[in-house]
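Structure, as structure tokens:
The values are calculated or read from the model by the stated rules, or taken from the named source; none is laboratory data. Note that the structure is predicted; figures quoted are calculated from it, not measured. When we count neighbours, we look across all protein chains shown, and the Cβ atoms used for this are built from the backbone with ideal geometry, even at glycine. Heavy atoms of the whole protein, side chains included, go into the accessibility calculation; ligands, DNA and RNA do not. Shrake-Rupley method; radii C 1.70, N 1.55, O 1.52, S 1.80 Å.
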Amino acid sequence: MTTTVFLQLVTNGIAQGAMYGLIAVGYTMVYGIIQLINFAHGEFFMFGGFGALAVYLWIPPVQHLPLLAALPIMLVGGMIASVVIAVLAERFAYRPLRNAPRLAPLITAIGVSILLQQLVFLWYPQPGGGKVQVGVNAPVQFPTFAGKPFHLGGVLIQRANLLTVIVAFLCMAYLAYFVAKTRTGRAMQATAQDPDTARLMGINTDKVIVVAFVLGAAFAAVASITYGLRFGQVSYDMGFSAGLKAFTAAVLGGIGNIYGAMVGGLVLGIAEQVTTGVLANYHATQQWGTAWQDVWAFLLLIIVLLVRPQGLLGERVADRA
Amino acid sequence: MALLEVRDLHVAYGKIEAVKGISFEVEQGQVVTLIGTNGAGKTTTLRTISGLLRPAAGRIMFDGKTIQNTPAHQIVSMGLAHSPEGRHIFPRMTIEENLLLGAYLRKDAAGIAEDVSNAYSMFPILGERRSQAAGTLSGGEQQMLAMARALMCRPRLLMLDEPSMGLSPIMMKQIMDTITQLKSSGTTILLVEQNAQAALSLADQGHVLEVGRIALSGRGADLLHDEQVRKTYLGEE
Amino acid sequence: MADKVPEWGSASQPRQPDTLSAQPQRNAAVSPALAKALIGLGALATIASTFLAWTWTTSFPGDLSVTGYPGGNQVITLVVGVLLLVALGTAYGLPGLRWLAPRGHVRLLRGLALAGAVSTWYILLAVAIELNGIANWVTGSWVALTATALPVAGAFLLADDRHEAARPPAALPRWAQTVIILAAIISAMFIADYGITTSFTEEFIGFALAVGLAAWGLNSSGVLARLTELNARNRVATSAAAFAAALLFVFLQTSDQYNTIADDILIFATVALGLNIVVGLAGLLDLGYVAFLGVGAYSAALVSGAASSRFAHTALPFWAQILIGVGVSIIAGVIIGAPTLRLRGDYLAIVTLGFGEIFRIVVNNLNGVSGPSLTNGPEGVYGVPDLSLFGYDFGKPHVLFGVTFGKFGNYYLLLLVAMAIVVFIYARVNESRLGRAWVAIREDETAAEAMGIHGYRFKLLAFALGASLAGFAGTINAHLLNTVTPDQYMFSASSPPNSAFLLAAVVLGGMGTISGPLLGASLLYLVPAKFEFFQNKQLLLFGLALILMMRFRPEGLVPNKRRQLEFHEEEVAEAEAHAVAEADASEAEAVA
């Protein structure tokens, strides 16, 4: 295997990992504050892609813009879709269960996840106009960049991949600023560390929780659009495995730690691409390549849980359980 | 009219009633203390006043307004600060950030900056370590931070829950001296303490809680000399 | 020692007056005698109406056009009418019948009256709509419409007499208890049988409406609670009766058609019960449970002698297949559980979810192209031979006691035994030291550890036991379906068993109970199978059902007493936490 091929794998891994990281931020913020694994976060991610696509398809002038100019408009649509869904889910499904035993909100989250997936599925055009075929994985086409990839040495950099890394960087920079420098950001940190005392400081913790859901959903919407651009499609069930990977990334980086989420995402993305790429490169291990990608990611999760359950950067969850 | 008025307060955890109808008042400028053994309901009472718990029955009036159904964060904005039992500083934030959170509801940047420097002059050690994570402080220093943080909202009533808990005698004295200082500067304080001697000697008014009820009330100095109190709470035979 | 409850806190609380029984008498304008007469008259007329034709044509399914005997949904109306007469007996205070309404007979009457009326009106409405017009009603339709309305009017004119259950009457003689249990369970079996064998949507909806409303009446009159108590006191008799009733089901079937449904329900319910050990008893959320069913099924199929198996020439006896299936499932369970169960509970949920997905990918990949050849990829292992035990070939029809058993009838018998084994294990474990340790861990792991319960070991045991039971069921499933494919074992799919449905069955039925998952599994299987409308929206509705269940009735349809307390008195936990905090404080003080 040449260095170029290896660097190519790493490059692809960074783009993939940046997307995981963007989704993982949402898991980790919500977990850090209310200790809930929001299973529906993958569906918030999926809604973002469909929201953006809806803007693209239903507002014809957008289609005639160059894609780079259309993207900000699509982004607004995607963010609205996933943020609205996230706020509704928080208000009507999770908030009433805030003091319930831990199993209850987890099961609710699964319910929300299934419900959202199926809601989108209801809108799927059915071949022949017949009955909906449950379980049919029918992706919907998403616009992609027409231009050629960039060359850096021998390494190809796809336009969508470059964009993914740039927006992920911008998002993380904003998040770092938000959490450390703004009043709401500090309130969020305080709520994560000690919710009761945060209330004694005059912080409306219910509002802080909503902010965490909103930010997470907005980031997921960004991730979803980069997914659409990179793969040229979105589908109603894309949130399941992307959500699973992103949660793995969050655990990998240390759950509750927002920088950890991005680091975990990058590590997972690179590890995934390099492992499958290297395996596929040699004749003896060829068959263990691409088809096994998710299996290797899962193994990585198990290994991390075994040797460093607090994650790479350490978890930031007050142990109040 | 009293600044804080608690009328026939009942608080229950599920079916277990921890506070069974207590009433007391805190006048402007007074220091009032609640003393009593573990499980007497002192902390529960404070947590209910500050809105972290909801009473099963009874009334809480602060500055003439009924607050027993007001959310905790709004009660703070009315000028009622609560420094909780066990200090509960934010361990992964710096000392300065902790203080700024105490002023979360205030918008006057200049006033906040002034109060921060006041806090540092009151507790110099905090000033020296202002950018250190609060979790690295010793117990006594954390208690100082918790009190300073509670003062950051310029409260009209300061509630202190067990400020001397788990502290060395020297530290304990320093904390009690600070409370005396606050008293002489005119701060209204509701103090919960297990160290009855210290609490009663600086309080204008004292109430002795026993399993959720007020067993005895009186002026701090009187209670300090009450035979029953001396036997039960000051460990004298 | 039950009455030595800690006293503090109760002293100042005077006993609340019984507000329920002190309700003012409403509707006093109509004399109760008249209302009861109305009910009686209505019930008799209802019964009579079922012997008349409700429409003139046979084009409405179920044939309602015959005069002389009840047909189709008229049977439901007839049964409800008879029950109403019995319930009226309680209102008149007939000796022996008062047992049926310990918490008041009016709700019982209301429930039954509504059951008869709503289900009958629904059918009449369906006749009018589907056959285009009320013109399709005949005299009998009008009789039925009026007759079923009368008891509703009567029952709602009676003032509500709901009150706290009177102290249970002097214990009945043992034989009477047994008779009651047997009668209750056999009736339940007949109801289930009717539901399974309904042949058209309208029939099932009418049935479901009647059963639902009648169950509401029975529940609020307190008779269900009394039966539950009776069952709990006569565990052996109940289990035997339930087993006998389940056996009776298969003897009632004239064809194998409905046995397939019953088989599917049994498999589904057995696996749900296994999951209930993990979720309901030990409080571990396992979202990849169906993968263990898959592990068992694949293990058995591979060594069953199926021609498409990698080991086509290995045909081990069934007991050996079970051993292998269970063994491999346990190994998988320990591999998944060992690293995760040390951590906070939420990690388990996500890891098991991942495992469920990984299992599907792995068996898809082990096809000889994208991985070693083992599972034959997406096509799966097919041609798994039918079981043959002691010379009894499950694939061939047999005649037992004059009844012909087809393939699915045969498997029904086997599945019944399998379920009995799982129920037995569940019950034994629940009452043992092990079960109590799980409950302790579920409620407060830190406290349990402090009492010397080794949390990790017990959790791993629960997880492995759950895995082994699913593996066991899987070995049978492989033979029943003759095929094992990856897409039978997914997190969510349109038909059970899959992990989402299994969890839903446990949650809907009631965590930590035996009858809950059985009921949940039956409902979750039957409702989509019988409702055409549901077919493409069932996952959507299940998602919604999970959310609503957790919000409004987290303890499920059949609540476990301890669980119910847990869900509705979260304040208790807060009180405990607070007590711990105070204790810590005093300790700290002591140190200082």
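Details
- Answer residue from segment C:487-502, given it is at pLDDT below 85, within 20 Å of C:Leu469 (Cβ to Cβ) and part of a helix (DSSP H, G or I) and is most open to solvent (accessible area, probe 1.4 Å) among those: C:Gln488
- Some residue of segment A:278-292 being closer than 21 Å to A:Ile255 by Cα and modelled with pLDDT of 85 or more: no
- Complete set of residues in segment B:138-151 that are within 14 Å of the chain's Cα centre (by Cα) and open to solvent by less than 20 Å² (accessible area, probe 1.4 Å): B:Gln143, B:Met144, B:Leu145, B:Ala146, B:Met147, B:Ala148, B:Arg149, B:Ala150
- Members of segment B:153-167 that are at pLDDT 90 or above and either part of a strand (DSSP E or B) or within 14 Å of chain C (Cβ to nearest Cβ) (or both): B:Leu157, B:Leu158, B:Met159, B:Leu160, B:Asp161, B:Glu162, B:Pro163
- Test: residue in segment C:206-215 that is buried (at least 21 other Cβ atoms within 10 Å of the Cβ) and either at pLDDT below 80 or outside the structural domain of C:Trp56 (by TED's automatic domain parsing) (or both): no
- Some residue of segment C:442-455 being closer than 30 Å to C:Tyr392 by Cβ and among the aliphatic types (A, V, I, L, M): no
- Of the candidates C:Leu387, C:Leu366, the single residue that is aliphatic (A, V, I, L, M) and open to solvent by 10 Å² or more (accessible area, probe 1.4 Å) is C:Leu366.
- Hits in segment A:91-104 (condition: modelled with pLDDT of 90 or more and more than 7 Å from every other protein chain (Cβ to nearest Cβ)): A:Arg91, A:Phe92, A:Tyr94, A:Arg95
Yes/no matrix, rows are residues, columns are (1) in contact with a helix residue (DSSP H, G or I) (Cβ under 8 Å, 6 or more places away or on another chain); (2) more than 14 Å from every other protein chain (Cβ to nearest Cβ); (3) open to solvent by 10 Å² or more (accessible area, probe 1.4 Å):
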{"site": "A:Thr11", "(1), (2), (3)": "yes, yes, yes"}
{"site": "A:Ala18", "(1), (2), (3)": "yes, yes, no"}
{"site": "A:Pro60", "(1), (2), (3)": "no, yes, yes"}
{"site": "A:Met79", "(1), (2), (3)": "yes, yes, yes"}
{"site": "A:Ala86", "(1), (2), (3)": "yes, yes, no"}
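- Condition met for A:Asp196 (closer than 30 Å to B:Met159 by Cα, in contact (Cβ under 8 Å) with a residue 60 or more places away in the chain, acidic (Asp, Glu) and within 14 Å of chain B (Cβ to nearest Cβ)): no
- Residue count for segment C:327-355 satisfying the condition of being within 10 Å of chain A (Cβ to nearest Cβ), buried (at least 17 other Cβ atoms within 10 Å of the Cβ) and among the small types (Gly, Ala, Ser): 3.
- Residue within segment A:272-291 that is in contact (Cβ under 8 Å) with a residue 40 or more places away in the chain and at the interface with another protein chain (Cβ under 9 Å from one of its Cβ atoms) present: no
- Test set (1) in contact with a Cys (Cβ under 7 Å, 6 or more places away or on another chain); (2) within 24 Å of C:Phe355 (Cα to Cα) - A:Phe219 fails condition number: (2)
- Of the residues making up segment A:183-204, those that are out of contact with any Phe, Trp or Tyr (no Cβ under 9 Å at 6 or more places or on another chain), among the polar types (S, T, N, Q) and part of a helix (DSSP H, G or I) number 1.
- Flag for B:Val6 being more than 7 Å from every other protein chain (Cβ to nearest Cβ) and free of Cβ contacts under 8 Å to residues at least 60 places away in the same chain: yes
- Considered as a group, the residues in segment C:248-268 that are part of a loop (DSSP other than H, G, I, E, B) and more than 19 Å from C:Ile186 (Cα to Cα) include one that is farthest from the chain's Cα centre (by Cα), and that residue is C:Ser255.
- So C:Ala505, is it at pLDDT 85 or above and either within 30 Å of C:Leu374 (Cβ to Cβ) or surrounded by 23 or more Cβ atoms within 10 Å (Cβ to Cβ) (or both): yes
- The listed residue being of a type in the set (S, T, N, Q), open to solvent by 40 Å² or more (accessible area, probe 1.4 Å) and more than 12 Å from every other protein chain (Cβ to nearest Cβ), out of B:Gln28, B:Gln68: B:Gln28
- Residues in segment B:95-110 that are within 15 Å of B:Pro155 (Cα to Cα), assigned to a helix (DSSP H, G or I) and either β-branched (Val, Ile, Thr) or at the interface with chain A (Cβ under 9 Å from one of its Cβ atoms) (or both): B:Leu100, B:Leu101, B:Gly102.
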